[in-house]
1. Within the group B:Ala60, B:Ala101, which residue is within 14 Å of another protein chain (Cβ to nearest Cβ) and touching a helix residue (DSSP H, G or I) at 6+ places or on another chain (Cβ under 6 Å)?
2. Just checking, which of B:Ala60, B:Ala56, B:Ala98, B:Ala70 is at pLDDT below 90 and surrounded by 18 or more Cβ atoms within 10 Å (Cβ to Cβ)?
3. Which members of the range A:43-62 meet the condition of being without any contact (Cβ under 8 Å) to a residue 12 or more places away in the chain and within 11 Å of another protein chain (Cβ to nearest Cβ)?
4. Given the condition aliphatic (A, V, I, L, M) and farther than 27 Å from B:Thr187 by Cα, answer yes or no: does some residue in the range B:62-79 qualify?
5. If you check B:Glu194, B:Glu165, which single one turns out to be of a type in the set (Asp, Glu) and touching a helix residue (DSSP H, G or I) at 6+ places or on another chain (Cβ under 9 Å)?
6. Out of all the residues in the range B:104-123, which are touching a helix residue (DSSP H, G or I) at 6+ places or on another chain (Cβ under 7 Å) and among the aliphatic types (A, V, I, L, M)?
7. Are any residues in the range A:31-46 hydrophobic (A, V, I, L, M, F, W, C) and closer than 16 Å to A:Glu57 by Cβ, and if so, which ones?
8. Only residues that are without any contact (Cβ under 8 Å) to a residue 12 or more places away in the chain and outside any helix (DSSP H, G or I): list them for the range B:47-80, please.
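The values are calculated or read from the model by the stated rules, or taken from the named source; none is laboratory data. These figures come from a predicted structure and were not determined experimentally. For neighbour counting, all protein chains shown are included, and Cβ atoms are generated from backbone atoms with ideal geometry for every residue, glycine included.
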Amino acid sequence: MKNRLKVLRAERGWSQQDLAERLEVSRQSVNAIETGRYDPSLPLAFRIADLFGMAIEDIFQRGE
Amino acid sequence: MASETFSRRPVWLWGAAFFVGMFGTGFLARWFDLPSIPSMLVMIPPMLLLIPFVRATERAQAACGALSPATQRYNRRGLAWSFGYVLLLGVAVIGSRALHAQGPLLWLLAVLPALPILYLVWAMARYLIEEQDEYLRMKVVNAALSATGLLLAVATVWGFLETFELVPHVPGWAAVPVWAIGLGLSTFVNRWSEK
């Protein structure tokens, strides 16, 4: 699954640590999601979408 | 990157010092045919190396953004069961000889060293329940499954070799160190593959 997390984070000037704290997850989790090594669960995907005020499908797309 | 490399280095040093210390003193105790009490006493100093080892591990986990409150609690519980194991093993070995234990007392002493291991199983279960970070939890679950697979493979192959009298008997408690080695190997391989 592809995602725009890194771009969205950069647009807001947040570091991975900033995003991790806002999502209440580890920085390693944010890094794993951004680099596509880990696809988040639906609840976490909703938290990410809520944080950015977007729909899940606007952040995560099908594909490798 | 440089700071991460620096922060991980002490983990290897403390880990190596701990294992060399434990195996080294154990080997020397056998080499010099030390009685059980002195054998256990000489293993206390290397056992204490677990404390800086765990601290260095936590610093490295924090440096790579993987130290959660649940992980910290698991590490503390890990220290508790390690020291508890050595203490109760000592009580069991020394107690059974000193008291010439038989019957129910021997049963009680024999089961003592198993209690910290059961605590370890409980601590692992508590970690999986308490860990709020799904990615960190998934990594531990994957490592535990790999370790369980290794243990099943080793135990099965060894068991049949033992049945055909090709290898010596190994006590059942050896399952724990084999599983722990599998957990460590799996964690190392996963970390290496992420680089």
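1. B:Ala60
2. Only one candidate qualifies: B:Ala60.
3. Scanning the range A:43-62 gives a single hit, A:Pro43.
4. Scanning the range B:62-79 turns up no residue that is aliphatic (A, V, I, L, M) and farther than 27 Å from B:Thr187 by Cα.
5. B:Glu194
6. Passing the criteria: B:Leu106, B:Leu109, B:Ala110, B:Leu112, B:Leu115, B:Ile117, B:Leu120, B:Ala123.
7. Of everything in the range A:31-46, those that are hydrophobic (A, V, I, L, M, F, W, C) and closer than 16 Å to A:Glu57 by Cβ turn out to be A:Ile33, A:Leu42, A:Leu44, A:Ala45, A:Phe46.
8. B:Gly65, B:Leu67
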